[in-house]
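Heads up, the thing below is written out as structure tokens.
The values are calculated or read from the model by the stated rules, or taken from the named source; none is laboratory data. In this text the structure is predicted, and so the values were computed from the model without any measurement. Cβ: placed from backbone, ideal geometry, glycine included. Neighbour counts: every protein chain shown.
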Amino acid sequence: MEEIRRAAEAYYENLSEDNKRHARFIFSDMDKNGDGQIDLKEFMEYHNNSADTHPSLFRALDKNNNGSLDFEEAKVSYYIMQSGRALFCKSCNTFLTDVYFSCFQCFSSNDSTVSTYEICCDCYGGKKFTHHEDAIFCDNYSLLSQSRSLALAASPEKRRNVLGKISTILDAANTAAGCIIM
Ligand SMILES: [Ca+2]
Ligand SMILES: [Ca+2]
Ligand SMILES: [Zn+2]
Ligand SMILES: [Zn+2]
């Protein structure tokens, strides 16, 4: 989780003043009783309409374990939501705080209906998951470098597909960020 916290801090420092205000706005919007803290109930209610939340995410965000999030802790939540980093283990459903493994075939599939399959180190190491038999799992770091070699090794046409896919992902991320800046 420490890694995500550091990334969130760097991300926040590079936000425009408008976006920082927006992060503040989201925080006070979540803080229904206005006590300057987000408790689990407020957090879950706020994210009610989205599937990308889970109490394990809240617990991971609550750095000092006092059962609520102050603004500093909530900044990390803002980053996770904006960057699409809200990933949960497909097997045990816990929030993937640090390194995780992902099925390479599903990740690099050209079929947009195939969803990615991520699992935590415990589930992967303990073989506590069911996925297609021939799955090759890569950790998130090697996935990143594999994506590059995949893009470089692919035929020009396939490369366009890979790059197209990446830019679609980036577009989606930008649109998501753009939507709530308004
Ligand atoms: Ca509150
Ligand atoms: Ca706390
Ligand atoms: Zn797991
Ligand atoms: Zn797979």
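Here are some notes:
- Scoring Asn93 on the criteria (1) at pLDDT 95 or above; (2) within 27 Å of Ile38 (Cα to Cα); (3) part of a loop (DSSP other than H, G, I, E, B) leaves a single failure, condition (1).
- Of all residues in the stretch 64-88 being among the charged types (D, E, K, R) and within 11 Å of ligand 2 (Cβ to nearest atom), the one that is surrounded by the most Cβ atoms within 10 Å (Cβ to Cβ): Glu73
- Taken over the stretch 59-87, the residue count meeting the criterion of being away from ligand 4 (no atom under 16 Å from the Cβ) and either part of a helix (DSSP H, G or I) or hydrophobic (A, V, I, L, M, F, W, C) (or both) is 18.
- Members of the stretch 123-148 found to be loosely packed, with under 13 Cβ neighbours inside 10 Å and either among the acidic types (Asp, Glu) or under 26 Å from Pro55 (Cβ atoms) (or both), listed by number: Gly125, Gly126, Lys127, Thr130, Glu133, Asp134
- Count of residues meeting criterion [free of Cβ contacts under 8 Å to residues at least 40 places away in the same chain, more than 16 Å from ligand 4 (Cβ to nearest atom), over 13 Å from Ser91 (Cα atoms) and not in a loop (DSSP other than H, G, I, E, B)] in the stretch 107-159: 11
- Annotation: of all residues in the stretch 1-58 being part of a loop (DSSP other than H, G, I, E, B) and of a type in the set (Ser, Thr, Tyr), the one that is farthest from ligand 4 (Cβ to nearest atom) is Ser16.
- Meets criteria (in contact with a strand residue (DSSP E or B) (Cβ under 9 Å, 6 or more places away or on another chain), aliphatic (A, V, I, L, M) and either buried (at least 21 other Cβ atoms within 10 Å of the Cβ) or over 23 Å from Tyr46 (Cα atoms) (or both)) for Val114: no
- Only one of the numbered conditions (1) modelled with pLDDT of 75 or more; (2) aliphatic (A, V, I, L, M); (3) surrounded by 11 or more Cβ atoms within 10 Å (Cβ to Cβ) is not met by Leu152, and that is (3).
- Failed item, numbered, when Ala10 is tested on (1) within 13 Å of ligand 1 (Cβ to nearest atom); (2) at negative phi: (1)
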